[in-house]
Amino acid sequence: MMKKLAALLLCASVAYSETVKGIDVSGYQPNVNWNTVKANGIKFVYIKATEGTGYKNPSFNSQYTGATNVGLIRGSYHFARPDVSSGAVQANYFVSNGGGWSGDGITLPGVVDLEYNPYGTNKCYGLSAAGMVNWIRDFSNTYKTKTGRPPVIYTSTSWWQLCTGNYGGFGSENPLWIARYASTPGTLPAGWAFYSFWQYTDNASPNPGDGDYWNGSLANLQKFARGG
């Protein structure tokens, strides 16, 4: 089991010369023309499913089905609200509302989206660095128990440094989706030598949503989706 996990993480982490283009969307993009997205060369998409324990993206089902119907590799993400409930509670809510995973080769593991608090002045949701680390661990362990896969962690290096104290203990298991709107992904958070996904822009025009890269070939991405 450990050898299989190590091989999976290597596949997801090594800096390849190839990249695969993707996007991520939310309820702000309710009417996506998925045929056009595919024609534009997009191969994968992450779709917002939930936030906290009280929000479900009203467009999630149609977005997920639309992406599936045109043959995109797709997955879902959860916007974390560490100020409203525990990591375990939110992981369960996520899995119950679109955040599951199966090794069918077209389903990406779920994502926990960790970023600055958009609802108040406290950027870290009122948690200490140790409290945030415990919250993330609670979410990750619960998600893995429910689905068999550790979640991808989406974050920026600046948020991670501020809100976890640049904790380095998740990189051995959780793939990293780094957010940085620049020409390179830059310095990564502690614990990760490489990224798996990189959100490089918040405007993927002519495609909807944000623009992303997978760090590897399409075959690597398909293998990652299968979980092996």
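Readers should treat all values here as calculations from the given coordinates under stated rules, not as data from a laboratory. Everything quoted here is computed from the prediction, not taken from an experiment. Note that each Cβ is placed from the backbone with ideal geometry, even for glycine, and that neighbours are counted across all protein chains shown.
Numerical summary
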{"read-out": "Counting DSSP beta bridges with both ends in the chain, the antiparallel % (nearest 5)", "value": "30"}
{"read-out": "Charge dipole magnitude, Cβ of K and R +1, D and E -1 - the chain, Cα centre, debye nearest 20", "value": "520"}
{"read-out": "Added length on full extension, which subtracts the Cα-Cα distance from 0.36 nm per residue, SER205 to VAL70", "value": "46.7 nm"}
{"read-out": "About the Cα centre, charge dipole magnitude for the stretch 26-157 (Lys/Arg +1, Asp/Glu -1 at Cβ), debye", "value": "220"}
{"read-out": "Mean Cα-pair separation over length for the chain, i.e. relative contact order, pairs under 8 Å, 6 or more apart, %", "value": "26"}
{"read-out": "Label point 7 Å beyond Cα of TYR116 along Cβ direction - residues of the stretch 180-197 with amide nitrogen under 17 Å", "value": "180-182"}
{"read-out": "Relative contact order for the stretch 52-124, counting Cα pairs under 8 Å that sit 6 or more residues apart, in percent", "value": "36"}
{"read-out": "Anchor LYS56: aspartates and glutamates whose Cα lies under 19 Å away (excluding residues fewer than 8 positions away in-chain)", "value": "ASP24, ASP83, ASP113, GLU115"}
{"read-out": "Inter-label distance for SER102 and SER158, nm, one decimal - labels placed 7 Å from Cα along Cα-to-Cβ", "value": "4.1"}
{"read-out": "Extension reserve of the GLN222-ARG137 stretch, reckoned as 0.36 nm per residue once the Cα distance is removed", "value": "27.9 nm"}
{"read-out": "Gap separating the Cα centres of the stretch 24-45 and the stretch 60-109, nearest whole Å", "value": "16"}
{"read-out": "The stretch 175-228: C-alpha gyration tensor shape, a/c 1.5 cut-off, then a/b vs b/c", "value": "oblate"}
{"read-out": "Column: log10 I(q)/I(0), Debye, Cα scatterers of the chain, q = 0.08, 0.15, 0.17 Å⁻¹", "value": "-0.25, -0.97, -1.29"}
{"read-out": "Net charge contributed by nearby residues that have their C-beta within less than 12 Å of PHE94 (K/R +1, D/E -1)", "value": "+2"}
{"read-out": "Nitroxide proxy distance, nm - points 7 Å out along Cα→Cβ at ASP83 and ASN40", "value": "3.3"}
